[in-house]
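Inspection log for the structure reproduced underneath, given as structure tokens.
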Amino acid sequence: GFGSGSGAGSGSGGGSGIGGRAAREARVGGYASGEPGDRWAPRGVLIAHLQEHRGPVRCLASASDGLYVVSGGDDGACKLWDCGRLERDVSFRSRLTYGSQGGRVTALVSLDDDDRVVASASDNGSVHAWRVEYVERKGGGGAAEKVSGIQGGGGHGSRRSPPSVERYTGAAEVATVSRAAGAVTAMIRTGPKTLCYSTARGGIRGWDLRTPREAFRVRWDPGLGVVAGLVAERGSDPRWFVAGTSGGCLALVDLRFAVRAAEWRLPRGNGAGGAPRPVDALATAADFRGANDSRPVVWCASGEDEIAAWDVADGTCQRVLAVSRRFEKDGDFAKSGLRALGDGGRLSAVRPGSADDGSLLGFRAGELGDAPARAEGARCLLPLPSGALLSGGSDACVRMWCPGEPARSRVVSGPLAPGSRPRYDEAMSPGGTPVLRESPGARVEGGGGASVSVDVGEQVAAAAARHDCHR
């Protein structure tokens, strides 16, 4: 995966511009500028397999100038990878390892780029802030002039050229905090020195690295579920953030006053008796109905191969991205049953004090046992400055979705068989919501017009034998 709302990706992916020739020549080596509207897109060319972790990798964070990417996982280690060296090295080894935290690393955030501070969260309930220390190469120029980097959190401040690093010397601990409130489940950056994190038992808290005291705390209704993801307004001074929960709820939080401004329940799934689907991933989205980028519109993935853009202020669905495992003709996909378009394409409001109604309490009790199998779908999302969206899915595929431009949408990396390139179509649903859908190519169509499903298990198994995609 390329991150879980934590930010990821740098220009070292070798992407080339999609705009005019002049625009491509303006970028050194086809690197992303990161500016709004930049139509950079990944080509899907494999650069390296980074395989030092001894367990699943759960999160990534990148410096906004693209100097490095930090990875964290179940082995409790945070590893730093120098992006400028990935295209030149043959060893592909990490340059730093921070392993003083303990527990499994659940979230990473890149904070102050002037001080090169990274924050890491763990399932032992702690958050550590540590500084990346390095020696800058004297008179270095070439690598520092390459402008790269896409800030996964939507971008904070202006982007600059990364320095030319001679060597990394260590990871120095800056500050730590632990509130004994259970595992940290999600974390986001809210400023150069501030962040916000959620815990399994203690709601949502703010932390200013300059003081040991709690910056703020958002009171949380347990009936909404455990916070599974956080995403904040784009910009250096966000005014709101959205929390997605294990109970299939979205909550809009006013960051200025640390209060929940709106609470919504996602449409229920088709399977498992219509039980709520946990939120798997969140990312900021553009306001597709106007030029008001300050509206709280977020991409939300919650299983069933769907990603929906929700306006969390009024509860309306603005876009739907969906993967169909069966071949469908003539745009009939827009009429098929999409969960996001149930209830007229609207979220259901959770009335104050009613989040713990009987149905939700039953789901909460179910969480005490073994977790049910997660539905197929996206596990991580990364918005691009052009308005496109990258998604990493449970089928081992990385996709680029281009709302309004289906011809540009494609599978960037994945175990696709030769000649099985999927097709992308966009149409309006009966309720007027644009739906962009991926469906298998006509090659998988059976005789007599019958359709043949694409088996996800077989697709993932095929990835294990491939060298050019995630395994």
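The values are calculated or read from the model by the stated rules, or taken from the named source; none is laboratory data. Since this is a predicted model, take the numbers as computed values, not measurements. Here the Cβ positions follow ideal geometry from the backbone for every residue, glycine too, while neighbour counts run over all protein chains shown. Note: areas computed on protein heavy atoms with side chains; ligands, DNA, RNA excluded. Shrake-Rupley method; radii C 1.70, N 1.55, O 1.52, S 1.80 Å.
Quick look at the values:
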quantity	calculated
Residue 114 accessible area, assembled protein chains, probe 1.4 Å, Å²	120 Å²
Heavy atoms of residue 280 accessible to a 1.4 Å probe, total area in Å² rounded to 10	30 Å²
Sequence-distant residues sharing a close amide H with residue 125 (under 5 Å, placed H)	184
Under the Karplus curve 6.51 cos²θ - 1.76 cosθ + 1.60, θ = phi - 60°, whole-Hz ³J(HN,Hα) for segment 212-220, x wherever Gly or Pro sits	x, 7, 5, 6, 6, 9, 9, 5, 10
At R0 = 41 Å, FRET efficiency that the Cβ-Cβ distance of residue 259 and residue 138 yields, to 0.05	0.20
Amide hydrogen neighbours beyond the local backbone of residue 231, cut-off 5 Å, H modeled	242
Extension gain from residue 200 to residue 166, taking 0.36 nm per residue of separation minus the Cα-Cα distance	8.1 nm
Net charge of neighbours whose Cβ lies under 11 Å from the Cβ of residue 386, counting Lys and Arg as +1 and Asp and Glu as -1	-1
Under 5 Å, built H, 5+ apart or other chain: amide partners of residue 380	392
Net lengthening on full extension, residue 210/residue 236 (0.36 nm per residue, minus Cα-Cα)	7.6 nm
Environment charge at residue 184 (Cβ cut-off 12 Å; Lys +1, Arg +1, Asp -1, Glu -1)	+4
Accessible area (Å², per residue) of segment 163-231, counting only protein heavy atoms and a probe of 1.4 Å	42 Å²
